Amino acid sequence: QVQLVESGGGLVQAGGSLRLSCAASGLTLSSYTMGWFRQAPGKVREFVAAIIRYGSSTYYADSVKGRFTISRDNARNTVILQMNSLKPEDTAVYYCAARYYSSWSKAGYEYDYWGQGTQVTVSS
């Protein structure tokens, strides 16, 4: 059974940092293109970042470029989202997702597996 479990969310002041982790069981994350998405209250889910399977190419939404970094820890079968210079508008539930293709996608429906999400709240 495939499971993705996010952790690392919490409450932080604007300008602060958080490090989100997505740990997998039942699949090898290096074999999947991994994405992070977020959904704020009353808003649609949006793409945040992706990292290509078997490689290190990364892609970011314009709103987080230069502040967020997605990476893999293959030894721990984990994907990381390092979030720096956080803003109140980054407040959302953050989800990781796995896609069994080499190409990245902003479309959530193109991802095969999802975690349950972790809450990130940035206070002003």
Label point at Val2 placed 7 Å out along Cα→Cβ; residues across the stretch 48-83 whose backbone nitrogen lies under 14 Å: 53
The stretch 48-124, accessible area per residue, ligands and nucleic acids excluded (1.4 Å, Å²): 50 Å²
5 angstrom amide H check on Arg53, placed H, neighbours 5+ away: Thr33, Met34
Spacing of the two label points (7 Å from each Cα toward its C-beta) at Asp73 and Thr121, in nm: 2.6 nm
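What does DSSP give for the chain in terms of the percent of beta bridges that are antiparallel, rounded to the nearest 5?
Among the beta bridges of the chain, antiparallel pairing accounts for roughly 90 percent.
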Among Val48, Thr69, Gln3 the positive-end extreme of the charge dipole of the chain (Cβ point charges): Thr69
Of all accessible heavy-atom area on the stretch 1-110, the percent that carbon and sulfur account for (1.4 Å): 47 percent
5 angstrom amide H check on Lys87, placed H, neighbours 5+ away: Gly15
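At 0.36 nm per residue, minus the direct Cα-Cα distance, what do Val44 and Ala61 gain on full extension? Give it in nm, one decimal, please. Please report the intermediate quantities before stating the final value.
On the way: separation 17, 0.36 × 17 = 6.12 nm, distance 1.45 nm.
Extra length available between Val44 and Ala61 comes to 4.7 nm.
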Net charge dipole size for the chain [Lys, Arg +1 and Asp, Glu -1 on Cβ; Debye, nearest 20]: 120 debye
Check: the stretch 51-120 dipole with +1 on Lys, Arg Cβ and -1 on Asp, Glu Cβ, in debye: 160 debye
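The values are calculated or read from the model by the stated rules, or taken from the named source; none is laboratory data. Here the structure is a predicted model, which is why all the values come from computation and not from measurement. Every residue, glycine among them, receives a Cβ derived from its backbone with ideal geometry; neighbour counts consider all protein chains shown. For the accessible areas, the whole protein counts, side chains as well, though only heavy atoms, and no ligand, DNA or RNA atoms are used. Shrake-Rupley method; radii C 1.70, N 1.55, O 1.52, S 1.80 Å.
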